[in-house]
Amino acid sequence: MKKILIGGIGNVLLGDDGVGPYVARLLDARYEFDEGVEVIDLGTPALDLIDQLSGRDGVILIDSVNAEADPGTVILYRKADIMRQRPAVRMDPHAPALVDALLSAELFGVAPVDVLLVGIKAESFEPGCRLSEPVTAALDGAIGEVLRELDRLGVDYWPRECAGEIDVWWTNEGKVAGRVFEDESISLRR
Amino acid sequence: MANRITIDPITRIEGHLRIDVEVDNNAVSNAWASCTMWRGIEKILRGRDPRDAWLFTQRFCGVCTTVHAMASVRAVEDALQLEVPLNAQYIRNLILIAHALHDHIVHFYQLSALDWVDIMQIPKADPAATSRLAESLSPWTRNSRNEFKAAQDRVNAVAASGQLGIFMNGYWGHPAMRLSPEVNLLAFSHYVQALEYQRKALQVVGILGSKTPHIQNLTVGGVANAIDLDSQSALNMDRLEMIRVLLEDVVRFINEVYLVDVCAVAAMYPEWFKIGSGVRNYLAVPDLPLDTQGSAYDLPGGMIMNGNIAGVHPFKTASDKDFRQGVSEDVAHAYYQGGKPLHPWMGETEPEFTGWNAEQKYSWVKAPRFNGQPMQVGPLAQVLVGYAQGHPLTVKHATLAIGKIEAVGGIHVTPDMLHSTLGRHAARAIRASMLAELAQKHLQLLTDNIAKGDLSVCNSPVFPSHEVEGVGTHEAPRGTLSHWIVIEDAKIKNYQAVVPSTWNASPRDASGAHGPYEASLLHTPLARPDEPLEVLRTVHSFDPCMACACHTFDPSGRQIAKVKVL
């Protein structure tokens, strides 16, 4: 059994920066995976990302990136790209954490062999809980890259019998607490 | 003629603090702390259901998710005068303690130790001598020659490869680095071990919060943990036992490694007890409530003005009137519209970017003030207000740590010396050892309360239609955090977060008074102005995390430190 992390990185309150968590939750709603695969909305991790990376056979991260490309372009980076490009290539708002975490994991001998960063070029990082049109249009392409990587790693996945609702609570305009705590005895006194 | 040095950004973790200092005769003669970008995340909360606010606020920052969740539910509970069941208080306290222990360990080892430890001296160390030294300082079982040899081999491999990797940005060989090769190796070996123990602390957060990052178990009025000692899917004896075992390891690491290393480093850099004091006004809020109303706490709060420890003013409760009325935010030197300082409940966040200008506006961080004065927050503030009040737990751990520093360094340490860069590190280690003791206490309190048959975890909130205001406070790893909420008709009308790094990184106010980072840098000697290691030492001693101070990231900011000498 291979231990695989599929991790969405980004701040869901800052527009297209939420694309990583969004893709992670889409994948979780649509597919089931081999035992050993974990799909996690990582938010904007700092060095605690080391813990998430360590001891995995493969890591697939999804994040917004800041490359020279049209918004919505999906760009792939391999482990060597991430570790090498540190000072030169502008790639990712959270890159200091990602690069530092990967370099630390490497130093401690716990880094995964296979790392793929599925980057989606953002249009806007303005505060707000919605993705821009070009980034929304890129969601399926990003998911395709994640699945292709799973194929390459020899990890199985299959569509859910009944696809669940996508748990992207932050995009809801109404209330979201009911999701966490089903008790509707909470009253409103007028 | 003074030289201007700009360091941008200075935090090692996400965030974009910029420091400008003027250097005259190899000492800092003036300083500016600024944050380089702004995003108005608080505005997203307006009009939303107050019960949901914590889910959003814990996304402010990827490092301190838990603390913003906690302050948020407390703000709503304060507005509604809602009591919190005992089990919920204890579970929340355990989460807060475990998160803080993780955070303090990571801060010392991963984020600031390399300001003091020269990695490139490690190949010269003798692992056997290192082991003898370490065993003379601590009963820690992982101080063997083999442990140190393995750590040294890692560094040798990195040095031989020519790819410095994670160590690419250090000021190796700097004249202000003064530890012996053996002490450098000792600290580095613990740097590696620290990762294991901070992870155990996070596992405690995960068990109680169902998930980390982003705990899921909070709710306004309590927690959503089901407690059932006979159920596999609830908080049961197995899980409490898992927490106990994890905490035992973390507590041992704190007492036998972290505290010892901080004391050893302090003993070897005693001049840093005289550098970096700055603002000697301190602010801390009481935390770790012991009853349902929040009238008794395990961590004391209060304030100290002008370093007058004897004149400490205690805050008895988290909703202390003096605290609620004392806070305001000044925007004279921050990129916002507005004139006079505003209380957070009236707070406005209308940006007005005018470019960095040393005489006018130069930061996206507002300047919080307490009764008009800048305040330093953080573990040092907490330890000093506790020590000043004779709080037994604080006095016990502070005395122990001071004794260790004196024994290793052969120096006399007075409480006054804690107003310093090393004082902030020492206080964080003291606070960690206090929290380590409290972790075990609160686990016992929770277990005993459940054993009595109390399984309640939540009181339901009831919202009035008229306007209500609340403040939720938490003494977070970086200091006093407060979330200020105005609710009308069960909807959020205004929301302001005054975060620890806003207090410490604040720019000047209308009167020209420096914020704590700025003031702490004045008169700092610099051995090599183009390698301002000493500036980093002091700024890092505050544990800066700017992500939530200015709610920011910089999509292009990828350099760890850009040093520009003008």
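The values are calculated or read from the model by the stated rules, or taken from the named source; none is laboratory data. This structure is a prediction, so every number in the text was calculated from the model and none was measured. No Cβ is skipped: glycine too gets one built from the backbone with ideal geometry, and neighbour counts run over all protein chains shown. Keep in mind that these areas ignore ligands, DNA and RNA; they rest on the heavy atoms of the full protein, side chains included. Shrake-Rupley method; radii C 1.70, N 1.55, O 1.52, S 1.80 Å.
Look at the stretch B:149-171 and say how many of its residues are more than 11 Å from chain A (Cβ to nearest Cβ) and open to solvent by less than 50 Å² (accessible area, probe 1.4 Å).
4
Limited to the stretch A:95-125, what total is found for residues that are of a type in the set (D, E, K, R) and within 7 Å of another protein chain (Cβ to nearest Cβ)? Explain how you work it out, then say what you get.
Applying the first criterion (of a type in the set (D, E, K, R)) to the stretch A:95-125 yields A:100, A:106, A:114, A:121, A:123.
Those left that are additionally within 7 Å of another protein chain (Cβ to nearest Cβ): A:100, A:106.
Going through the stretch A:95-125 one residue at a time, the tally reaches 2.
Would you mind stating whether residue B:198 is more than 17 Å from residue B:442 (Cβ to Cβ), within 14 Å of another protein chain (Cβ to nearest Cβ) and not in a helix (DSSP H, G or I)? Give the steps one after another, and end with the answer.
Numbers: more than 17 Å from residue B:442 (Cβ to Cβ): yes; within 14 Å of another protein chain (Cβ to nearest Cβ): yes; not in a helix (DSSP H, G or I): no.
Taking the combined requirement at face value, the residue does not satisfy it.
Collect the residues in the stretch B:145-177 that are over 19 Å from residue B:109 (Cβ atoms) and not in a helix (DSSP H, G or I), keeping them in residue-number order.
B:162, B:163, B:173, B:174, B:175, B:176
In the stretch A:49-59, what residues are surrounded by fewer than 24 Cβ atoms within 10 Å (Cβ to Cβ) and either more than 7 Å from every other protein chain (Cβ to nearest Cβ) or at pLDDT below 90 (or both)? Talk me through it step by step, then tell me what you get.
Narrowing the stretch A:49-59 to residues surrounded by fewer than 24 Cβ atoms within 10 Å (Cβ to Cβ): A:51-58.
Within the stretch A:49-59, A:52, A:53, A:54, A:55, A:56, A:57, A:58 qualify.
Mind checking which residues of the stretch A:14-46 are among the aliphatic types (A, V, I, L, M) and buried (at least 22 other Cβ atoms within 10 Å of the Cβ)? Full working, then the answer.
First, pick out the residues of the stretch A:14-46 that are among the aliphatic types (A, V, I, L, M): A:14, A:19, A:23-24, A:26-27, A:29, A:37, A:39-40, A:42, A:46.
Across the stretch A:14-46, the qualifying residues are A:14, A:19, A:23, A:24, A:26, A:27, A:37, A:42, A:46.
Given the criteria at negative phi, within 12 Å of chain A (Cβ to nearest Cβ) and part of a strand (DSSP E or B), does residue B:485 qualify? First the steps, then the outcome.
On the way: at negative phi: yes; within 12 Å of chain A (Cβ to nearest Cβ): no; part of a strand (DSSP E or B): yes.
No, not satisfied.
Checking residue B:92 against (1) open to solvent by 10 Å² or more (accessible area, probe 1.4 Å); (2) more than 11 Å from chain A (Cβ to nearest Cβ); (3) charged (D, E, K, R): exactly one of these is not met. Which one?
Going through the list (1) open to solvent by 10 Å² or more (accessible area, probe 1.4 Å); (2) more than 11 Å from chain A (Cβ to nearest Cβ); (3) charged (D, E, K, R), residue B:92 breaks only (1).
Only one of B:47, B:62 is assigned to a loop (DSSP other than H, G, I, E, B) and open to solvent by 10 Å² or more (accessible area, probe 1.4 Å); which?
Values: B:62 fails: open to solvent by 10 Å² or more (accessible area, probe 1.4 Å).
After applying the criteria, what remains is B:47.
Out of A:46, A:80, A:69, I need the residue that is assigned to a loop (DSSP other than H, G, I, E, B) and within 12 Å of chain B (Cβ to nearest Cβ). Which one?
On the way: A:80 fails: assigned to a loop (DSSP other than H, G, I, E, B); A:69 fails: within 12 Å of chain B (Cβ to nearest Cβ).
So the residue among A:46, A:80, A:69 that is assigned to a loop (DSSP other than H, G, I, E, B) and within 12 Å of chain B (Cβ to nearest Cβ) is A:46.
If we scan the stretch B:213-227, do we find a residue that is touching a His at 6+ places or on another chain (Cβ under 6 Å), open to solvent by less than 40 Å² (accessible area, probe 1.4 Å) and more than 10 Å from chain A (Cβ to nearest Cβ)? Even if it seems obvious, please write down each step before you answer.
Narrowing the stretch B:213-227 to residues touching a His at 6+ places or on another chain (Cβ under 6 Å): none.
No: zero hits.
Which of the residues that make up the stretch B:111-138 are open to solvent by 50 Å² or more (accessible area, probe 1.4 Å) and over 28 Å from the mean Cα position of the chain (by Cα)?
Residues satisfying the conditions are B:120, B:123, B:124, B:126, B:132, B:133, B:135, B:136.
What are the residue pairs meeting all of these: first residue in the stretch A:57-83, first residue of a type in the set (Phe, Trp, Tyr), second residue surrounded by 15 or more Cβ atoms within 10 Å (Cβ to Cβ) and assigned to a loop (DSSP other than H, G, I, E, B), Cβ atoms under 8 Å, and 6 or more apart or on different chains?
A:77/A:85; A:77/A:91
Pull up the stretch B:447-459, narrow it to residues that are surrounded by 15 or more Cβ atoms within 10 Å (Cβ to Cβ) and part of a loop (DSSP other than H, G, I, E, B), then point me to the one that is farthest from the chain's Cα centre (by Cα). Break it down into steps so the answer makes sense when it comes.
Taking the stretch B:447-459 as the starting set, the residues that turn out to be surrounded by 15 or more Cβ atoms within 10 Å (Cβ to Cβ) are B:447, B:449-450, B:455, B:457-459.
Imposing the further condition that a residue be part of a loop (DSSP other than H, G, I, E, B) reduces the set to B:455, B:457, B:459.
Numbers: B:455: 33, B:457: 28, B:459: 30 Å.
Looking at the filtered set, the residue picked out is B:455.
If you take the residues of the stretch B:248-279 that are part of a helix (DSSP H, G or I) and of a type in the set (Val, Ile, Thr), which of them is surrounded by the fewest Cβ atoms within 10 Å (Cβ to Cβ)? Walk me through how you get there before you give the answer.
Residues of the stretch B:248-279 that are part of a helix (DSSP H, G or I), as a first pass: B:248-268, B:270-273.
Next, from what is left, pick out any that are of a type in the set (Val, Ile, Thr): B:250-251, B:254, B:257, B:260, B:262, B:265.
Numbers: B:250: 28, B:251: 20, B:254: 24, B:257: 25, B:260: 23, B:262: 25, B:265: 26.
Ranking the qualifying residues of the stretch B:248-279, first place goes to B:251.
Taking the residues in the stretch B:460-472 that are open to solvent by less than 50 Å² (accessible area, probe 1.4 Å) and either more than 14 Å from chain A (Cβ to nearest Cβ) or within 22 Å of residue B:505 (Cα to Cα) (or both) as candidates, determine which candidate is nearest to the chain's Cα centre (by Cα).
Step by step, filter the stretch B:460-472, then rank; the result is B:472.
Can you tell me which residue among B:518, B:475 is assigned to a strand (DSSP E or B), open to solvent by less than 10 Å² (accessible area, probe 1.4 Å) and either more than 30 Å from residue B:356 (Cβ to Cβ) or touching a residue at least 40 places away in the same chain (Cβ under 8 Å) (or both)?
Details: B:518 fails: assigned to a strand (DSSP E or B).
Sole residue among the options that is assigned to a strand (DSSP E or B), open to solvent by less than 10 Å² (accessible area, probe 1.4 Å) and either more than 30 Å from residue B:356 (Cβ to Cβ) or touching a residue at least 40 places away in the same chain (Cβ under 8 Å) (or both): B:475.
From B:189, B:210, which residue is free of Cβ contacts under 8 Å to residues at least 40 places away in the same chain, more than 9 Å from every other protein chain (Cβ to nearest Cβ) and not β-branched (Val, Ile, Thr)? First the steps, then the outcome.
Details: B:189 fails: free of Cβ contacts under 8 Å to residues at least 40 places away in the same chain.
Of B:189, B:210, the one residue that is free of Cβ contacts under 8 Å to residues at least 40 places away in the same chain, more than 9 Å from every other protein chain (Cβ to nearest Cβ) and not β-branched (Val, Ile, Thr) is B:210.
Every residue, every condition in (1) at pLDDT below 95; (2) open to solvent by 30 Å² or more (accessible area, probe 1.4 Å), yes or no:
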| position | (1), (2) |
| --- | --- |
| A:79 | yes, yes |
| A:102 | yes, no |
| A:130 | yes, yes |
| A:157 | no, yes |
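Being more than 10 Å from chain A (Cβ to nearest Cβ) and open to solvent by 10 Å² or more (accessible area, probe 1.4 Å): is that true of residue B:80 here? Please lay out each step first, then the result.
Numbers: more than 10 Å from chain A (Cβ to nearest Cβ): yes; open to solvent by 10 Å² or more (accessible area, probe 1.4 Å): yes.
Criteria met by residue B:80.
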